[in-house]
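Below is one structure, written out as structure tokens; the observations come after it.
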Amino acid sequence: MGDPVGTAMWNPFANMATLAGHAITIVRGEGSTVVDAGGREYLDALASLWYCNVGYGRTELADAAAAQMRELAAFQIFEYYTNRPAEALCRRIAELAPVPGAKIILTPGGGSDAVDTAGKLVRAYWRAVGEPTRQVIISRSHAYHGMNAYGTSLGGIPLLTETFAPLVGQVEQVPWDDPPALEKTIELLGDSKVAAFFCEPVIGAGGVYPPPAGYLSAVREICRRHDVLFVADEVITGFGRVGEWFASGRFDLDPDLITTAKGLSSGYLPIGAVIAGQKVAEPFWRPGSAEVFRHGYTYSGHPAAAAVALANLDLVEREQLIPKVAALEPVLARALAPLAEHALVGAVRSGTGLLAAVELAEDARAADPTLGQRLVLAIRNRGVITRLLRGVALQVSPPFVITEAEIGRIAEAFAGALDDVARG
Ligand SMILES: Cc1ncc(COP(=O)(O)O)c(C=O)c1O
């Protein structure tokens, strides 16, 4: 549905030459369904951008924002100041995180703020402990760490990084599935040069790649051996998406830092958090230390956003949504598995909570570079919203409140659209 009022909007990742005036205006949502300005309903197979875990239309979250705004909408937390919702949220996250003695840095936007905060924090940490030459951060091919400067520089999707390189220096990349390559890179650089390894436990925007068996324990051990900080980017996986509160818990990662956002508030207001373990916090918190992490944002610790995040975590707990994700993991896998037989499909990846992707066959993509986008539209014509990841795979990451019947409808829409497109 075209909306002429929308034509001043320059959309992210969009070719405005063709899109301007043709964007779909979403006006409301309920559960896993959103509705456009023309009244058409869509089942949202994405939970928006991997974040609307509790589903749409949760009035209790709107009420939490309104109540907090009436009392204190916002006040800064630089230096001396704090506020009750932000304090309570930090305690809550520290209790939930599989990180003993965690300290929490609240970030005001999405995951990009958390990633850039973590990137600067690892640099500040090594300087504080007297190893300032440890500056290199290593990431993986297919990685997505957001769109701020550090995150863009650490990204492993060439289309998203090449335009801007070089941006932040002192970054290296290793193949996403190759622990020996990580160790070799650290050894070539020398331990004294390497600050951290950034790792999505399940690669998300790069195409939904669950970790190969043994991969995460191997890279965790390599980082330990070389005293390289292990940063788990849980912007997608944090707060339940893999059937536990954190992927770091599910895969026993014992990370030095965790970056989060999205599921912290289910996106009802923007907020994120960096969870710091004792090792990283210690030089800054030790009694008598003069070290200061000189970093923060105007809206860090925003009380209305923190109140919404607290209400969201309450809801996730009260409705037992994380065990529900665990129970739906095999349901989603079973529903999507038959798609792998289709001639246009190369692989179906699933098996880590409510995270899956349908990868298109390489020969079919080569024969028709528009295949992916045509499928996205064909699936939308069948009432389901998905999108294309890295030009190769269709994303499935529904809200936690999705029903088994709705998962079936997603699979049906994918199968029908694949047939529609195959017929031409
Ligand atoms: C793993 C990961 N890190 C960071 C980000 C950046 O988050 P945002 O777009 O909210 O800034 C994303 C976004 O999808 C992500 O998936």
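The values are calculated or read from the model by the stated rules, or taken from the named source; none is laboratory data. Predicted model only: the values in this text are computed from it and were never measured. Quick reminder, even Gly has a Cβ in these numbers, built from the backbone with ideal geometry, and neighbours come from all protein chains shown. Heads up: the accessible areas ignore ligands, DNA and RNA and are worked out on the full protein's heavy atoms, side chains in. Shrake-Rupley method; radii C 1.70, N 1.55, O 1.52, S 1.80 Å.
Quick look at the values:
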{"read-out": "Members of Lys103/Lys193; Lys120/Lys193; Lys184/Lys279 lying beyond 20 Å, as alpha-carbon distances in this model show", "value": "Lys103/Lys193; Lys184/Lys279"}
{"read-out": "Choice from Ser139, Ser153, Ser289 showing the highest fluctuation, given a GNM over the chain with Cα pairs closer than 10 Å", "value": "Ser289"}
{"read-out": "Lys, Arg +1 and Asp, Glu -1 on Cβ, resulting dipole of the chain about Cα centre, debye, nearest 20", "value": "500"}
{"read-out": "The chain: mean projected area of Cα convex hull, nm²", "value": "20.9"}
{"read-out": "Relative contact order for the chain, counting Cα pairs under 8 Å that sit 6 or more residues apart, in percent", "value": "21"}
{"read-out": "Nearest-10 value in Å² for the accessible area of Phe284, using the 1.4 Å probe", "value": "40"}
{"read-out": "Residue-count net charge about Arg70 - beta-carbon cut-off 15 Å; Lys, Arg +1, Asp, Glu -1", "value": "-1"}
{"read-out": "0 to 90° range, to nearest 10: angle between helix 84-96 axis and the chain longest Cα axis", "value": "80"}
{"read-out": "Average accessible area per residue (Å²) across the chain - probe 1.4 Å, nucleic acids and ligands excluded", "value": "44"}
{"read-out": "Degrees separating the helix 371-381 axis from the principal Cα axis of the chain, which is the longest one", "value": "70"}
{"read-out": "GNM result for the chain, Cα springs below 10 Å: residue of His22, His295, His226 fluctuating most strongly", "value": "His22"}
{"read-out": "Within a Gaussian network of the chain (alpha carbon springs, distance under 10 Å), most fluctuating of Trp285, Trp245, Trp50", "value": "Trp285"}
{"read-out": "Portion, in percent, of the accessible area of the chain that falls on carbon or sulfur, probe 1.4 Å", "value": "55"}
